[in-house]
Amino acid sequence: MDRAAIRTRLLEIVGPDGLLDDPDELLVYEYDASDEVFAGHHRPDFTVLPRTAEQVSAVVRLANEVGLPVIPRGAGTGLAGGALALRGGILIVLTRMNRILEVNERDGYAIVEPGVINLELSTALQPRGYFFAPDPASQRACTIGGNVGNNSGGPHCLKYGVTTNHILGLEVVLPDGERIWTGGPVPETPGVDLTGVLVGSEGTLGIVTKVMVRLTRLPEGVSVLLAAFPDIESASHATSAIIAAGVLPAALEMMDQLTIKAVEDAFHAGYPREAGAVLLVELDGLQEIVAENTGRVAELCRQHSAWEVRVARTKEERDLLWLGRKSAFGAMGRLAPNYYLVDTTVPRTKLPATMRRVEELSREYRLSIANVFHAGDGNLHPLVLFDRHRPGEVERVLECTTEILRYCVDVGGTLSGEHGIGFEKRDYMTLVFTTEDLCAMAGLKRSFDPRELFNPEKVLPTGFRCGEVALLRQQALAQRFGLEYV
Amino acid sequence: MTGTTRLAPDTALQRLEELGRSSDPSNYIVDGIPPRLALELASPETVAEALALCAAAGLALVPWGGGGQMGLGNLPERYDVALDLRGLAAVVDYEPDDLTIGVQAGCTLARLAAILSEHGQMLPLDADDPERITIGGLVATGLGCPRRFGYGSLRDLIIGITVALPDGTLARGGGMVVKNVSGYDMMRLHFGALGSLGVIVRANFKLLPSPEAQRTLLVAFPSLEEAMEGALAVRGSQLAPTALVVLAPVTAERFIGMARWTLAARCEGPEGAVLRQAERLRETAASATSDARILEHEETLRFWSSLQGKLGATPLANVMRVRIGELPSQLGELAAQLVTEWGSALEDAVLDVGSGLAYVTVAGTVEELRGAWTRLAGYGRHATMLAAPGDVKAGYDVFGRHPEGVAVMRRLKETFDPERTLNPGRFIALL
Ligand SMILES: Cc1cc2nc3c(=O)[nH]c(=O)nc-3n(C[C@H](O)[C@H](O)[C@H](O)COP(=O)(O)OP(=O)(O)OC[C@H]3O[C@@H](n4cnc5c(N)ncnc54)[C@H](O)[C@@H]3O)c2cc1C
């Protein structure tokens, strides 16, 4: 089918205001929040903005018929290039499907469309005494569908878990266009846990058209502490000590000196400028437990050289302490024209050594690195600062970040804690996984999407051959057991 | 996953015996059927080899943990080899200060709990026979306990997995960190898939600090309606018990000696806070006509572990156990219906109001139980026969009504287990 014919068919499905194919209009859809310097820009053939699940399904059926790739997209705040149209095709943007369809606080769930903004959902739930726990720093912009796609995290995931722990069920359009519901409001639905498999699959297995989320009861008591440390290392040790002591804070975030300065210059959150690092700790739960744990955490911080521990007493004070953390990425513009955000997780006891290594690499590659991250989970976010116009700097940034990833993997960590693999990190997958591991993942992908039309070029690396692996394995077995290979 | 080695079944059985220790097949009966060979294996590599041999010879294999949950599953379509994984029981990777652990599938819950408690840590699971229940069995069946209300289930805590596949490979997913989005979620692919897509040889979990103290508030009510009202009030409060159930009078009598509809709420945390919490829970749940009492720490542990015996899939004779998923606010109506329909045949009924699950155990002849299932299977959001004698299961799918997406599940089965080596017929839709 030629382009004009496809266009006509798409218009029939989504209507004139639901289709973009003018190069100017498509421009914004060539990018997502991943750094263009590294991810490049990629133009989809068409961008559609469906309003219903039926339209999504019809677009997918058409794509199948004409053999075009399909790429789901939410707000495009993803940092791993997950929503880029690497092979062109039809970009399906879900932001117009943005209704909250049902809230049932008695039974603890809500059903929403994928384009609902994360913060809007929690804001809607708040007056009823509930919230949606995953709270990415991008929550003012990112969509629930994108959160599901990337299995996103946020500060409060330390206690409450990441997105997958809060998704009860999904309505999803599969690569053949069929629409199904998975999971449900109560646990232990019989069968393979397709909900669990779909969350975090980065739009490569299906397009989510409705999300059934778990509602979490707002806690009765909340306290927030800010502890100032002489350096990152002592703050890292304090982090390990808090976790090891059996206190489970709702959030435990760290910011280093560079970040503190940038945040103070930009937003005046009242952080101690002289600190080498600060920890922001939120405790919540029953009043009695919060009171007891606040004292314990303050004491543990002091034991690990904190020279100041502030406890926010009111909601206003708490919000002010959080303001600095929440606006940290926004303040980076004060430090350098560009930054590259590395997202990795290490076992928590490896934090101090990892932070030392990051400092070393910063010196070695002559690049400033700011750190603001989810310390309690061991989820680092070194922000490598640079200027893309300075010759050779982009290459140095890439080498430096590769070294950071390599180190994290070597100490038992992983490639991404919450931002996803997408396009950005797929070729690092072999650092963590063997060919056998990857072949099993490829088997999963194939079971959903045999034609590889769904968000191609994402998650799995290029250039590994499962057929060959299986063959070698069979031959080895045949030899070991003296069998004849057919 | 391509290429085949064709092998005569008898040759394969011989080779299999070379891989490990054979054991008495009569100890590995599934729904009345013994295997031709029972094999104890002690390394992940030999498990993978055994799978490849079975696949090449068209033999059907059933992974075996402690056998404690073998009630769950359809009648086996074929059953040649029982793979006993209890020799695969090492704690591979435990760094207490990371609050993570990697264990082999055959490790029992009792052993794991003992190791963790030395460091004041735990997995929030209960079992009435922890010596028998293995980690692999828990992951494969995906059966949880009421503490999911406070802590999430094992599904929420699993962070890594290694499975042996019928193509002879070992494949890992996830890792040893608590937050990880690198690659597909292979943990949840296998969680609850009854070993139909791979044999779990290792699983990694995030751990929780053990609470300093525990108490259970028990409130006995004159009627089901009042008990449910109390339970829903607790659910809607900010009092955060870690488990919340309502027991039918028969069950309450069995466990606590009061034959009334009884609410049980579990409190875990620092000593002082827990006492206060139990007190506040009582104020929220109790009514003028109810009687409340509080179980001490040790009693609490005993109560919940023995109660778990009524929520699991231990093979059963003469009775059938069914798990029904239903909205917490609808559980009362469901229970009322069960009482009307089965009355004195109801051996036990536990409503997990925290989660939205009802567990009923019904007594009767094979014919009566088969009749009961045809009706129970239609109840609630989903219904599963957790355990029953083989004669009761015959001709039915114990997983009840099929959810949407069975076609995808079938394709997954065809991809990962093309020769139908693993637990053939036992999983949903006779996969
Ligand atoms: C300043 C900033 C701060 C951030 N902070 C955090 C943070 O704290 N924690 C965190 O985890 N992430 C963070 N992110 C990353 C990003 O915001 C999250 O990954 C977010 O969940 C993406 O949502 P989105 O709607 O923008 O999705 P997109 O970027 O549009 O898409 C993300 C992925 O999901 C897929 N997808 C989108 N919608 C659907 C759907 N309906 N069905 C199937 N697949 C779909 C896409 O194909 C893509 O692979 C941050 C990003 C920025 C720019």
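Tabulated data
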quantity	calculated
Chains B and A together, accessible area buried on both sides, 1.4 angstrom probe, square angstrom	7600 Å²
Where labels lie 7 Å past Cα in the beta-carbon direction, separation of B:TYR396 and B:THR365 in nm	1.7 nm
Check: the protein assembly as shown dipole with +1 on Lys, Arg Cβ and -1 on Asp, Glu Cβ, in debye	400 debye
Percent carbon-and-sulfur accessible area, the protein assembly as shown, ignoring ligands, DNA and RNA, probe 1.4 Å	49 percent
Residues B:ARG78 and A:ASP17, FRET efficiency given R0 of 56 Å [Cβ-Cβ distance, rounded to 0.05]	0.45
Listed residues B:MET385, A:MET1, B:MET70 arranged by accessible area, highest first, probe 1.4 Å	A:MET1, B:MET70, B:MET385
Inter-part distance where the stretch A:100-123 and the stretch B:233-281 are each reduced to a Cα centre, Å	29 Å
Minimum 40 Å² accessible area buried by the other protein chains, the stretch B:385-414 residues, probe 1.4 Å, relative to alone	B:GLU404, B:VAL408, B:MET409, B:ARG411, B:LEU412
List B:ARG370, A:ARG390, ordered by accessible area with a 1.4 Å probe, largest first	A:ARG390, B:ARG370
Extension gain, A:VAL222 back to A:THR434 (0.36 nm per residue minus Cα-Cα distance, nm)	71.9 nm
Helix A:393-410 vs. chain A, principal-axis angle (Cα, 0 to 90°, nearest 10)	80 degrees
Computed E for A:ASP387/B:ALA110 - FRET, C-beta separation, R0 56 angstrom, nearest 0.05	0.40
Average beta carbon contacts from partner chains per residue of A:446-459, 10 Å cutoff	2
Cα gyration tensor shape for the stretch A:433-481, rounded if a/c is under 1.5, else prolate or oblate	prolate
C-alpha long axis of helix B:366-376 to longest principal axis of chain B, angle in °	70 degrees
DSSP bridge pairs, chain B: antiparallel proportion in percent, nearest 5	90 percent
Antiparallel DSSP beta bridges within the stretch A:8-149, percent to nearest 5	45 percent
Helix A:257-267 vs. chain A, principal-axis angle (Cα, 0 to 90°, nearest 10)	80 degrees
By average C-beta atoms within 10 angstrom, highest first, the peptides A:373-385, A:118-130, A:452-464	A:373-385, A:452-464, A:118-130
Per-residue average of Cβ from other chains inside 10 Å of B:236-249	2
Per-residue SASA entry for B:ILE33, accessible area with 1.4 Å probe, Å² rounded to 10	60 Å²
Per-q log10 I(q)/I(0), the stretch A:347-486, q = 0.09 Å⁻¹ (Debye; single scatterer per alpha-carbon; no solvent)	-0.41
Cysteines (scope chain A) whose Cβ has no counterpart Cys Cβ under 4.7 Å	A:CYS142, A:CYS157, A:CYS301, A:CYS400, A:CYS408
For residues of A:235-244, the mean tally of beta carbons on other chains within 10 Å	2
Contact order normalised by residue count of chain A, Cα under 8 Å, 6+ apart, percent	14 percent
Complex-versus-alone comparison for the stretch B:173-193, residues with a loss of 40 Å² or more in accessible area, probe 1.4 Å	B:VAL177, B:VAL178, B:LYS179, B:VAL181, B:SER182, B:GLY183, B:TYR184, B:ASP185, B:MET186, B:ARG188, B:LEU189
Residue-normalised accessible area of the stretch A:433-481, given per residue in Å² at a 1.4 Å probe	43 Å²
Counting DSSP beta bridges with both ends in the protein assembly as shown, the antiparallel % (nearest 5)	85 percent
CD proxy at 222 nm, helix term only [per DSSP H run n ≥ 4: -39500 (n - 2.57); per residue of chain B; nearest 500]	-9500 deg cm²/dmol
Per residue value of the accessible surface for chain B (all protein chains in place, 1.4 Å probe), Å²	32 Å²
Loop chymotrypsin sites (Phe, Trp or Tyr not before Pro), the stretch B:376-431, which have at most 16 other Cβ atoms in a 10 Å radius of their Cβ (DSSP)	B:TYR396
Alpha-carbon centroid distance for the pair the stretch B:342-404 / the stretch A:219-283, whole angstrom	52 Å
Surface accessible to a 1.4 Å probe, A:ASP231 within the full protein complex, Å²	70 Å²
Gyration tensor verdict on the stretch A:219-335 (Cα atoms; rounded if a/c is under 1.5, prolate if a/b is larger than b/c, oblate otherwise)	oblate
Probe 1.4 Å, all protein chains present, accessible-area order of A:LYS425, A:LYS159, largest first	A:LYS159, A:LYS425
Descending Cα extents along the principal axes, the protein assembly as shown, whole Å	81, 73, 56
Alpha-carbon centroids, the stretch A:301-377 and the stretch B:131-147: separation in whole Å	39 Å
Förster radius 41 Å - calculated FRET efficiency between A:GLU360 and B:ARG21, Cβ distance, rounded to 0.05	0.20
Average accessible area per residue (Å²) across the stretch A:1-130 - probe 1.4 Å, nucleic acids and ligands excluded	41 Å²
Shielded by partner chains, the stretch A:84-123 residues - at least 20 Å² of accessible area, 1.4 Å probe, vs chain alone	A:ARG106, A:ASP107
Overall form of chain A per C-alpha gyration tensor (a/c, 1.5; a/b vs b/c)	prolate
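The values are calculated or read from the model by the stated rules, or taken from the named source; none is laboratory data. This one's a predicted model, so the numbers in the text were calculated from it and none came from an experiment. Note: ideal-geometry Cβ built from the backbone for every residue, glycine included; neighbour counts use all protein chains shown. When the accessible area is computed, the model is the full protein with side chains, heavy atoms only, and any ligands, DNA or RNA have been set aside. Shrake-Rupley method; radii C 1.70, N 1.55, O 1.52, S 1.80 Å.
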